[in-house]
Amino acid sequence: MKYRQPGYRDSEFKDERDKKHRDNDGPRPPRGPRGMEREARLVRRCFQCGHQETTDVVDTTARCPTCTAAVHCCRNCVHFDPGARFECREPIPAKVMSKIVANECVSFRPSTVLDATGRRIAAGPPPPTGEPAMSPGRAAFEALFKKKEGA
């Protein structure tokens with residue numbers, strides 16, 4: 001048939017649809033990671049420059065080492081929400097006027113993100129000494145295009 005849209009001569013394609021439903025064996029197993037696995041860690045990111053640090057405790061006078069912006073401010077807090085009352089999800093008695101200036105809010109918790117750009121996890125044992133290290137992709141390439149012994 002020329003037209004395969006739903007509703008156009010559905011009776012003629014009933015067998016194909018039923019076969020698809022029969023072949024469905026349930027949920028698929030979990031997929032493996034794409035590429036090589038990487039280490040991941042929780043980091044605190046500066047709101048202004050994006051500099052990442054791994055510390056959880058934040059001093060009220062702390063500054064970003066890259067851009068010198070205040071670290072203990074509303075913009076770096078988990079509760080910061082521009083759509084909420086006083087731009088904070090926590091109940092606070094008065095609005096903090098500047099969200100980028102250091103403050104002494106008691107409900108401050110630094111917002112953290114998962115940084116998965118760390119170093120790669122080693123896939124296997126190191127190559128024996130004397131042979132250069134070869135990546136899995138390079139090994140597959142060499143195996144595909146290796147020279148024949150008798151030629």
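Read the figures in this text as sums done on the coordinates, not as results from a lab. Computed from a predicted model, the values in this text were never measured in an experiment. Heads up, the Cβs are rebuilt from the backbone with ideal geometry, glycines too, and the neighbour counts pull from every protein chain shown.
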(request) Among what's in the range 50-61 and is in contact (Cβ under 8 Å) with a residue 24 or more places away in the chain and under 21 Å from SER98 (Cβ atoms), pick the residue that is nearest to the chain's Cα centre (by Cα). (result) VAL58
(message) As an exercise: evaluate VAL106 against (1) surrounded by fewer than 16 Cβ atoms within 10 Å (Cβ to Cβ); (2) under 19 Å from GLN48 (Cβ atoms); (3) out of contact with any Leu (no Cβ under 9 Å at 6 or more places or on another chain) and give the number of the one condition it does not meet.
(response) (2)
